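Working notes, structure below.
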Amino acid sequence: MKPTLDINLAGIRMKNPVMVASGTFGYGPEYADLVDLNKLGAIVVKGISLEPWGGNRTPRMVEVSGGLINAIGLQNPGVKGFTEKYMPFLRQYDVAVIVNIWGKTQDEYAEVAARFDGVEGVHALEINISCPNVKAGGSSFGTNLESTAKVVAAVRARTKLPIIPKLAPNVSDIGAFAKVCVDNGADALSLINSFPAMAIDIETRRPILANVSGGLSGPAIHPIAVKLVYEAAKAVKVPLIALGGITSAKEAIEFMIAGASAVAVGTANFTEPLTALNVISGLSDYLDRHNMNSVQELVRSIRI
Amino acid sequence: MRIEIGTVVGHDPMGPDYRVLTLKLPGVAPVAKPGQFVHLRIAQLHDAVLRRPFSIYRVDGNHLSILYKTVGRGTAAMQNLRLNDPVSVVGPLGNGFPTDVANAFTPVLVAGGYGVAPLYFLARQMTCRGILFVGGAKAVDILLADDFRALGWEVQVATDDGSLGVKGLVTVALDAWLQLNAKQSPPEFFACGPNGMLKAVGDRAIRGNWKAWLSLDRHMGCGVGACLACVQKVRLNGQETLARVCKDGPIFEARDVIWED
């Protein structure tokens with residue numbers, strides 16, 4: 001008998017625990033010719049704000065050893081633009097849709113959340129309190145316990161959808177941030193966002209990115225993310241969605257052993273668009289090989 | 001657009017600095033149009049997370065060729081590709097050049113360096129003939145001139161050091177031609193090369209009230225319009241907006257492009 005991969009993550013039903021991460025998969029149509037969206041556990045769409053937002057100047061991305069640094073700056077069509085342009089497309093598929101939301105102020109976060117309540121086809125909200133690339137919003141909230149608490153509580157007050165704060169990696173005690181999110185109403189947590197990082201052109205001595213710095217993602221950050229997931233799993237009981245440097249089933253399985261109930265493939269979508277599908281089949285093979293009937297047996301199964 | 005594992009069926013130098021890589025791609029090659037590009041995964045570059053975009057130089061049945069110069073670690077690693085090696089390809093990507101030019105107009109292709117590659121694919125698909133202006137640093141950077149002549153195209157060359165053709169920028173040769181010919185055979189431009197050259201061609205088109213199709217190059221991430229790394233400010237229905245060079249381009253009409261750099 002094939003092991004079962006389906007999960008119920010904080011009320012979000014998914015046919016497997018493998019999602020595609022916000023900012024790396026557009027809004028769905030971009031990859032639909034290459035990847036059967038019906039096979040994914042969930043799609044986390046690129047961050048949406050109240051009004052359309054233009055993002056940063058170019059260059060916005062640079063490849064570095066084992067990863068890339070991006071400073072896109074959360075360019076997006078706004079709640080209305082996204083809902084009208086992309087939700088009809090996404091509703092055609094049998095896949096959980098998680099909308100990543102952000103705001104420049106606490107009120108904006110709450111307002112965006114409220115606007116998505118009752119939008120057909122939206123299964124949950126991921127709260128981006130950890131983008132390293134915008135001056136207002138993003139990690140200015142997620143690296144401070146008090147503002148993290150306030151944003152999560154404000155969003156909680158305005159939506160019935162499951163809410164999933166996405167944590168910043170650059171904090172001294174990830175467990176404390178996980179806890180404060182849960183105490184203020186988070187149903188699950190995503191961890192982690194990209195790491196603040198920078199690359200310099202040594203000939204011109206100028207930063208390569210127009211934004212000067214950006215966020216590092218890709219295989220380079222995976223072991224750091226595993227440790228953060230492990231720490232967060234010790235601090236809270238809610239389901240964790242782990243991301244950071246997954247390129248194959250191996251990294252996904254590591255995350256789940258460390259404490260994640262689900263995983264998200266990010267940067268690897270650019271390298272190999274079929275990565276998420278390969279992770280799903282690799283995960284199934286692994287469970288089979290280890291005589292596990294369900295993927296849930298893997299979650300938090302670390303032996304210390 | 002599809003993802004396909006191609007096989008290397010040719011990998012040959014073109015002069016001292018350039019190479020032609022030919023892949024057997026029965027899914028991608030037959031549907032590729034001039035101006036579109038392919039996104040290659042360079043397996044030899046183990047820690048790379050981004051694919052590398054290349055415009056299409058030629059298509060012959062199931063074979064698709066790109067023309068490249070070693071400019072970074074990706075293209076350096078590509079040099080090690082051998083016959084029969086597999087290469088993962090996503091493509092064809094982006095929108096191509098229009099291939100029809102109204103009768104009254106002369107297709108005028110303007111290329112900087114190996115930007116000539118997609119214009120050769122275009123010239124092979126066009127039913128009419130025209131003129132190619134190609135510029136480069138020195139004589140060895142002028143590629144395919146004889147191939148264009150063999151197709152019946154006129155070719156004018158400019159080099160920075162004067163080692164081939166006129167000395168100076170390609171626009172020197174272009175301006176001289178326009179002065180003599182633009183009245184009786186108005187041009188429609190198709191250009192691929194550095195931004196300065198594209199802008200110069202676009203400026204001439206706007207001044208002369210002609211069309212110019214420019215192939216833009218921006219550092220790309222995903223290649224399919226998802227990551228928003230390669231955006232370009234454009235004018236769309238009178239509104240300023242950000243276009244994705246990979247998905248909404250890479251070909252833009254000169255009037256739509258808002259140059260900032």
Worksheet item: Which of B:192, B:230, B:246 moves most in a GNM of chain B, Cα contacts under 10 Å?
Response: B:230
Discussion item. For peptide A:22-29, what's the mean number of Cβ atoms from other chains within 10 Å of each residue's Cβ?
Written reply: 3
Item to complete: Sort out for me the Cα centre separation of segment B:42-96 from segment A:241-268, rounded to whole Å.
Response: 29 Å
Discussion item. With +1 assigned to the C-beta of every Lys and Arg and -1 to the C-beta of every Asp and Glu, and no other charges, what is the dipole magnitude of segment B:106-215 about the Cα centre in debye, to the nearest 20?
Written reply: 280 debye
Practice prompt. Taking a cut-off of 15 Å between Cα atoms, list the aspartates and glutamates near residue A:15, but don't count ones fewer than 8 places away on the same chain.
Written response: A:6, A:36, A:94
Item to complete: Could you give me the percent of Cα pairs per 10 Å distance bin for chain A, shortest bin first, beginning at zero and ending with the bin that holds the maximum distance?
Response: 7, 30, 38, 21, 4, 0, 0
Fill in: Residues of segment A:68-85 with amide N under 20 Å of the 7 Å Cα→Cβ point at residue A:202
A:68-69
Worksheet item: List the cysteines of the protein assembly as shown that have no other Cys Cβ closer than 4.7 Å: which are they?
Response: A:131, A:181, B:128, B:192, B:230, B:246
Fill in: Dimensions (Å) - segment B:106-215, Cα atoms, principal axes, largest first
34, 27, 25
Worksheet item: For residue B:180 and residue B:95 in one chain, what is 0.36 nm times their gap in residues minus the Cα-Cα distance, to one decimal in nm?
Response: 27.3 nm
Discussion item. Give me B:235, B:19, B:244 sorted ascending by neighbouring Cβ count inside 10 Å, so fewest comes first.
Written reply: B:235, B:19, B:244
Worksheet, complete the sentence: Comparing A:123, A:222, A:290 in a Gaussian network model of chain A (Cα, 10 Å), the one with the largest mean-square fluctuation is A:290
Practice prompt. Go through segment A:221-232 residue by residue and turn each phi into a ³J(HN,Hα) via Karplus (6.51, -1.76, 1.60, θ = phi - 60°); whole Hz please, and just put x for glycine and proline.
Written response: 8, 4, x, 5, 5, 4, 5, 5, 5, 4, 5, 5
Item to complete: Under a 10 Å cutoff between Cα atoms, tell me which one of A:15, A:85, A:46 has the largest fluctuation in the Gaussian network model of chain A.
Response: A:85
Discussion item. For the protein assembly as shown, take N as its residue count and report Rg(C-alpha) divided by 2.2 N^0.38 Å.
Written reply: 1.04
Item to complete: State, as an integer percentage, the relative contact order of segment B:77-180 based on alpha-carbon contacts under 8 Å between residues 6 or more apart.
Response: 20 percent
Worksheet item: Which pairs in the list A:85/B:233; B:199/B:233; A:85/B:199 are over 23 Å apart, alpha-carbon to alpha-carbon?
Response: A:85/B:199
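What is the mean projected area of the alpha carbon convex hull for chain B, to one decimal in square nanometres?
With every direction weighted equally, the projected area is 13.6 nm².
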Worksheet item: Going down the list B:69/B:138; B:138/B:167; A:160/A:234; A:80/A:150; A:166/A:227; A:104/A:179, which pairs span over 18 Å between their C-alpha atoms?
Response: A:160/A:234; A:80/A:150; A:104/A:179
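Just so you know, all these numbers are worked out from the coordinates, no wet-lab data involved. Predicted model only: the values in this text are computed from it and were never measured. Methodologically, a virtual Cβ is constructed for each residue, glycine included, from the backbone with ideal geometry; neighbour enumeration extends over all protein chains shown.
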